[in-house]
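Asker: Below is a structure I'd like to ask you about.
The values are calculated or read from the model by the stated rules, or taken from the named source; none is laboratory data. No experiment lies behind these values; they were computed from the predicted model shown. Reconstructed Cβ throughout: ideal geometry from the backbone, glycine too, with neighbour counts over all protein chains shown.
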Amino acid sequence: MKTNPWQMEQPWLYIKKWQHNQIKSSALLVLVIYWVFSALWMGISFAITPEIIDQYQSGEKQALIFLVFPITGIFLVFGSIRKLRTWQKIGRSPLVLSPFPGSIGGQVGGHIELNMGFDSLTQCELSLECIRRKVTRSGGESKTENQVQWQVEGFGFPKQSATGKTLIEFCFDVPSHLSATQEPDRNYIYWQLTIRCNHPKLKFTRQFEIPVFETGQQKSVIDKNSSRHPSQDLKNRQRIIQSFIFSETQNGFELYHPMLRNKALGFVLMLFGGIFSAAGVAFWLSEDSVLPLVAFTGAGTLVVLWGVYLLFNSLTVRIRPDGISLIRRFLFFRVSSKNESRENISHLQLAKSYSSTSGYSHRLNFNVKAMLKNGKAITVAEHLQGEGTAQTAMETLSAKSGIPAK
């Protein structure tokens, strides 16, 4: 009877993809999927192209709209070729962890060797994430949802390898309250490291599923913290500038969160809401039933309105020695305001706002809240991308206001 490696005392030594500490990325699988999908798409597209041409020649001009399928197929093939060329340049480029495995309450560190000569200016962005994956089944269909529990960002440190190539080293601290890697199931935790390199000679993105356990092995041999890299500090401060405008006043300072600061989320909500609303109208016209119109169009309209609000609301926060005042506006109309005296404010604290996924990227967004002594809270800075950015903003606000940060 075959033993389940997850039931062993040190499972990472018995799971094939990890046991030799030469962890491969998902790049080859993604490459194969790209080529298979492109081939299928092009096969179907070229099969219908003669029919499109025949219909056009017979006077049906609208048939030309279906040429979007072979044109899309051409773009897919070019994208697949680009991914193949990247693969040929760098190959698998396995990840080596130090410590192995990564340690809960300790550190996750390691290196990846790039297939290029040493360049001390090589910059690679890294993101380490603890993710809960939930698989639900309903009506014969399954749905997979990835929820980011924790994330830290940073930059790698280039070093010359023994073979004269560029070695990218990294190291992150991992809080002790996080969950370790779990056996894949319908609801489990996994850890993922994403590396993005934008060197002129080598542009690529790699994702690695890595083992992170409670081993008691705290430290990495790499003594530099990627989240404190100067480039990450600069990135955090640039994100803060994009989130709000800081200005000094006579008796304190002001944070102005302008309209259109949530462009991506606002437009996405408007798009999805518009699709739902259009679907409701289409069902109503085809089925002559009011229920789809009310359900789909009603829900879609609410989502569109929420997207519009996110796009065109602004927030002004004034922090003075005697307290904090907030004014929320939609366009130029005041919709809410609040004032809290300094004696009622306990401390500043981070709170998760929302998360989003785009391609390889997971994004956690945070608000900075002023916690009141009665247990309530008021938002003083919102929708800051990344915990490092939010932490930098909170520490800056704490230093300038004298309100302690926790």
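Asker: Kindly list, by first and then second residue, each pair from a residue in segment 160-171 that is assigned to a strand (DSSP E or B) to a residue that is modelled with pLDDT of 85 or more and of a type in the set (Lys, Arg), limited to pairs with Cβ atoms under 6 Å and residues at least 6 apart or on different chains.
Answerer: Cβ pairs passing all conditions: 167/159; 169/159.
Asker: For segment 312-406, which strands (runs of 3 or more DSSP E) that fit wholly inside it have 2 or more residues that are touching a residue at least 60 places away in the same chain (Cβ under 8 Å) and either β-branched (Val, Ile, Thr) or in contact with a Leu (Cβ under 6 Å, 6 or more places away or on another chain) (or both)?
Answerer: Details: elements: 313-320, 323-330, 333-341, 345-358, 361-372, 377-385.
By residue number, 313-320, 345-358, 377-385.
Asker: Given (1) of a type in the set (S, T, N, Q); (2) modelled with pLDDT under 90; (3) surrounded by 15 or more Cβ atoms within 10 Å (Cβ to Cβ), where does residue 163 come up short, assuming only one miss?
Answerer: Among (1) of a type in the set (S, T, N, Q); (2) modelled with pLDDT under 90; (3) surrounded by 15 or more Cβ atoms within 10 Å (Cβ to Cβ), residue 163 violates only (3).
Asker: Please work out which one of (1) surrounded by 15 or more Cβ atoms within 10 Å (Cβ to Cβ); (2) within 22 Å of the chain's Cα centre (by Cα); (3) modelled with pLDDT of 90 or more is the condition residue 353 fails and give its number.
Answerer: Condition (3) is where residue 353 drops out.
Asker: Something else: Do we have residue 110 as touching a Phe, Trp or Tyr at 6+ places or on another chain (Cβ under 9 Å), under 29 Å from residue 165 (Cα atoms) and part of a helix (DSSP H, G or I) here?
Answerer: So residue 110 does not fit the description; no.
Asker: Here is a list of conditions, (1) of a type outside the set (D, E, K, R); (2) buried (at least 18 other Cβ atoms within 10 Å of the Cβ); (3) in a strand (DSSP E or B), and residue 215 meets all of them except one; can you say which number that is?
Answerer: (3)
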